[in-house]
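**Q** Below you'll find the structure I mean.
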Amino acid sequence: MPVSGVIITCAEGCSAEVSSRISSINGVEVHGILPDGQIVAVVEADTVDGEVELVAGLYEVEGIQAVRLAYHNFEDIAH
């Protein structure tokens, strides 16, 4: 199961609104907003392809300018 920590850059002044919107997306967990307005979040999906689709979908959210990977972990839990 892939899990990634991401930093999301938003248009100026809309971080709180973007944070609220993306918090409702299944597989996205917002951990906070940095003083400069960037959002710290974790994205998680069942597959790498699912995670890629999830991150790509974040770019459709109004106000998001960039999503940067800060951390990625993949563990195959099926043994």
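**Q** Could you please find all residues in segment 35-79 being in a loop (DSSP other than H, G, I, E, B) and of a type in the set (A, V, I, L, M, F, W, C)? Steps first, answer last, please.
**A** Step one: of segment 35-79, the residues in a loop (DSSP other than H, G, I, E, B) are 35-38, 45-47, 59-63, 75-79.
Across segment 35-79, the qualifying residues are 45, 61, 77, 78.
**Q** When residue 64 is evaluated against the numbered criteria (1) surrounded by fewer than 17 Cβ atoms within 10 Å (Cβ to Cβ); (2) in contact (Cβ under 8 Å) with a residue 40 or more places away in the chain, which criterion, by number, is the only one it fails?
**A** Of (1) surrounded by fewer than 17 Cβ atoms within 10 Å (Cβ to Cβ); (2) in contact (Cβ under 8 Å) with a residue 40 or more places away in the chain, only one is false for residue 64: (1).
**Q** Does residue 14 satisfy being touching a helix residue (DSSP H, G or I) at 6+ places or on another chain (Cβ under 7 Å) and not aliphatic (A, V, I, L, M)?
**A** Details: touching a helix residue (DSSP H, G or I) at 6+ places or on another chain (Cβ under 7 Å): no; not aliphatic (A, V, I, L, M): yes.
Considered against the rule, which asks whether it is touching a helix residue (DSSP H, G or I) at 6+ places or on another chain (Cβ under 7 Å) and not aliphatic (A, V, I, L, M), residue 14 comes out as no.
**Q** Now, a different point. Assess whether residue 32 counts as being on the phi > 0 side of the Ramachandran plot, part of a strand (DSSP E or B) and either modelled with pLDDT of 95 or more or under 11 Å from the mean Cα position of the chain (by Cα) (or both). Give the steps one after another, and end with the answer.
**A** On the way: on the phi > 0 side of the Ramachandran plot: yes; part of a strand (DSSP E or B): yes; either modelled with pLDDT of 95 or more or under 11 Å from the mean Cα position of the chain (by Cα) (or both): yes.
Answer is yes for this residue.
**Q** Quick one: count up the residues across segment 1-53 that are free of Cβ contacts under 8 Å to residues at least 24 places away in the same chain and open to solvent by less than 20 Å² (accessible area, probe 1.4 Å).
**A** 1
The values are calculated or read from the model by the stated rules, or taken from the named source; none is laboratory data. Because the structure is a prediction, the values reported are computed rather than measured. A quick note on method: Cβ atoms are made from the backbone with ideal geometry, for glycine too, and the neighbour counts reach across all protein chains shown. Just the protein is used for accessible areas: all its heavy atoms, side chains included, with ligands, DNA and RNA removed. Shrake-Rupley method; radii C 1.70, N 1.55, O 1.52, S 1.80 Å.
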